Amino acid sequence: MLDAILMIVSALMIVLSLLQSGKTDGMSGAFTGNGGLNLFANVKERGSEKVISNITLVLGIIFFVLVIVIRLV
């Protein structure tokens, strides 16, 4: 039962991660070094981006709790 819940949470996390918009110039900027990657930039998420980000965070916490519970049981 817990394994099935873990798989569902994992699939939802993957889908929500793919739905999030990128905060950089893309893969070409990452490889070429163009476009100054600033990891500490203050980027505000609004609307649906914030909701998706919060749901992904909650699912991540649930994922780790489930993994620990499954390992202990």
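The values are calculated or read from the model by the stated rules, or taken from the named source; none is laboratory data. Quick caveat: nothing in here was measured; it's all calculated off a predicted structure. Please note: Cβ atoms are built from the backbone with ideal geometry, for glycine as well, and neighbour counts cover all protein chains shown.
Can you confirm whether Met13 is of a type outside the set (Phe, Trp, Tyr), loosely packed, with under 12 Cβ neighbours inside 10 Å, assigned to a helix (DSSP H, G or I) and at pLDDT 95 or above?
On the way: of a type outside the set (Phe, Trp, Tyr): yes; loosely packed, with under 12 Cβ neighbours inside 10 Å: no; assigned to a helix (DSSP H, G or I): yes; at pLDDT 95 or above: yes.
Here the answer is no, as Met13 does not meet what is asked.
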Among the residues listed as Ser53, Ser21, the single one being within 9 Å of the chain's Cα centre (by Cα) and either at positive phi or at pLDDT 75 or above (or both): Ser53
